[in-house]
Every structure is written in C-alpha cells, then in structure tokens.
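Reading through the structure tokens given below for one structure.
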Amino acid sequence: MLDAFSRAVVSADASTAPIGDLSALKAFVASGNRRLDAVNAIASNASCMVSDAIAGMICENQGLIQAGGNCYPNRRMAACLRDGEIVLRYVSYALLAGDASVLDDRCLNGLKETYAALGVPATSTVRAVQIMKAQAAAHIQDDPSEARAGARLRKMGSPVVNDRCASLVAEASSYFDRVISALG
Ligand SMILES: CCC1=C(C)/C(=C/C2=NC(=C\c3[nH]c(/C=C4\NC(=O)[C@H](C)[C@H]4CC)c(C)c3CCC(=O)O)/C(CCC(=O)O)=C2C)NC1=O
C-alpha cells in the first residue's frame with residue numbers, strides 16, 4: 001500500500017533518480033486539513049450514504065429484491081449493503097492517503113471475477129457506486145441537496161474553500177471512477 005509520499009519515492013526509485021519535483025507533495029501537505037475534512041464528510045455520513053445508494057439502485061430496478069434477483073433473500077441484501085460499505089470505506093482510505101493503491105490492492109483486485117462467479121450484476125453495482133460518487137461530491141462541498149435529503153439533511157459546518165473544494169471532489173470522483181471501471 002502506498003500513499004502520496006511513498007508513491008513519490010517508488011516512482012523516483014524506478015527511474016533511479018532523486019526525488020525531483022516536490023510541488024505535488026507540498027500541495028498535499030498544504031491542503032491536509034481540507035483533505036481530512038473531506039474524509040470526515042464521507043466517513044461520518046457513510047451509513048446514510050450506503051443505505052440511500054442501495055435503496056436508489058433497488059428503486060430503479062425492483063427485480064433485484066424479487067425471487068431470482070441478486071439482493072434476494074435478506075442474506076444477499078445484507079451482503080450487498082456490506083459491499084457498498086466496503087467500497088465507500090476503501091474510497092475514503094484512498095482519499096486520506098492521496099493514492100489509489102489501497103483501493104486497488106485490497107478491494108478491487110479480483111472483485112470483477114468474484115462478482116461474475118456469484119452472479120452479482122455489474123450494472124446495478126455501478127449504479128450504486130455512481131450514487132455514492134454524487135453523494136460524496138455533495139458532502140465534501142458540505143452542500144447536500146435539500147430536495148434529495150429531506151429530513152435527513154446534514155451539514156458538517158466545515159469551511160468550504162477553493163471553488164467548493166473542486167480538487168478534492170475531483171480526486172474523490174476519480175476513486176469512484178476507478179471502482180466503476182474495475183467492475184465494467
Ligand atoms: C475487503 C474487500 C472485499 C470485497 C470487495 C468483498 C466482496 C464480496 N462480495 C461478496 C458477495 C456478495 N455481494 C453482493 C452484492 C450485490 N448484489 C447486488 O445485487 C447488488 C448489485 C450488489 C450490492 C451493491 C451479494 C448479493 C453477495 C452475495 C452473493 C451470494 O452469496 O449469492 C463476496 C462473496 C463472499 C461473501 O458473500 O461474503 C465477496 C468476497 N469481500 C471483501 O472482503
């Protein structure tokens with residue numbers, strides 16, 4: 001597992017060069033508190049995000065919870081909710097580390113094959129991950145939509161900077177996209 005620092009060392013070592021450009025690591029340190037806020041925005045809303053994403057996925061495809069669907073019976077529904085939580089947790093680890101390797105190595109490696117063997121539908125999983133991607137963007141910007149959240153709306157109250165934390169939203173989105181392309 002690598003983070004932004006060990007990644008810089010490994011890349012430099014691979015080309016037998018000293019670490020040259022420190023600007024990316026400087027930016028990583030400078031934006032550290034914003035990164036922690038972003039991770040916290042995901043971690044402290046995780047169970048709500050997962051249940052909402054899986055509910056949305058099922059609402060759009062109710063065959064999933066009927067006999068023959070992959071969220072039927074309750075044992076499979078529970079496995080699906082657990083998998084949603086696993087994915088979100090590894091995305092949050094990657095965001096904290098500033099590097100995707102923990103997500104790649106410990107969550108996505110072999111997942112496509114596992115799902116194919118178990119008959120877990122990739123399109124539905126991708127839909128749930130897309131919903132979590134949109135939720136994460138809203139929570140990192142501390143701007144969840146009132147229309148969608150209703151009474152469950154929750155704001156973190158952390159300061160939102162730099163064009164609504166665009167770079168952290170883009171980085172988090174890239175980890176969700178990684179999950180989507182690993183399953184496709
Ligand atoms: C730490 C990394 C890690 C991952 C990623 C992981 C995934 C994972 N998901 C599994 C099952 C499963 N995953 C799902 C998920 C779904 N079904 C659907 O229809 C939805 C589309 C989707 C939820 C979004 C289901 C239903 C099962 C059980 C399938 C079965 O037993 O028939 C299994 C098989 C073993 C088990 O049931 O626990 C694994 C290994 N396990 C791990 O340890």
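Under 27 Å between alpha carbons, and skipping anything fewer than 8 positions from Lys155 in its own chain: which lysines qualify?
Lys133
Quick one: length gained pulling Glu113 to Ser51 fully straight, 0.36 nm per residue minus the C-alpha distance?
19.9 nm
Would you work out if region 1-143 is rounded, prolate or oblate? Take a ≥ b ≥ c from the square roots of the eigenvalues of the alpha-carbon gyration tensor; rounded if a/c is under 1.5, else prolate when a/b is larger than b/c, oblate otherwise.
Since a/c reaches 1.5 but b/c is at least a/b, the shape of region 1-143 is classed as oblate.
How big is the dipole moment of the chain about its Cα centre under a simple scheme where the beta carbon of each Lys and Arg is +1, that of each Asp and Glu is -1, and everything else is neutral? Debye, nearest 20, please.
460
Give the residue from Ala30, Ala17, Ile65 lying farthest towards the positive end of the charge dipole for the chain; charges sit on Cβ (+1 for Lys and Arg, -1 for Asp and Glu) and the dipole is referred to the Cα centre.
Ile65
Quick one: if you stick a label point 7 Å off each Cα along the C-beta vector at Asp105 and Ala14, how many nm between them?
1.4
How large is the accessible surface of Arg154 in square angstrom, using a 1.4 angstrom probe and rounding to the nearest 10?
About 100 Å², rounded to the nearest 10.
What net charge is computed for the residues neighbouring Asp142, neighbours being all others with C-beta under 12 Å from the C-beta of Asp142, Lys and Arg scored +1, Asp and Glu -1?
Around Asp142, the charge tally is +2.
Across the Cα atoms of region 65-184, what radius of gyration and what greatest pairwise Cα-Cα distance (Dmax) are found, in Å?
Rg then Dmax for region 65-184, in Å: 15.7, 49.
Would you mind putting 8-18, 75-85 in packing order, based on average other-beta-carbon counts within 10 Å, highest first? Can you show the working numbers first?
Values: 8-18: 10.5, 75-85: 16.2.
Most protected by this proxy first, the peptides run 75-85, 8-18.
The values are calculated or read from the model by the stated rules, or taken from the named source; none is laboratory data. Keep in mind it's a predicted model, so treat the numbers as computed, not measured. Quick reminder, even Gly has a Cβ in these numbers, built from the backbone with ideal geometry, and neighbours come from all protein chains shown. The area values use the complete protein model at the heavy-atom level, side chains included, leaving out ligands, DNA and RNA. Shrake-Rupley method; radii C 1.70, N 1.55, O 1.52, S 1.80 Å.
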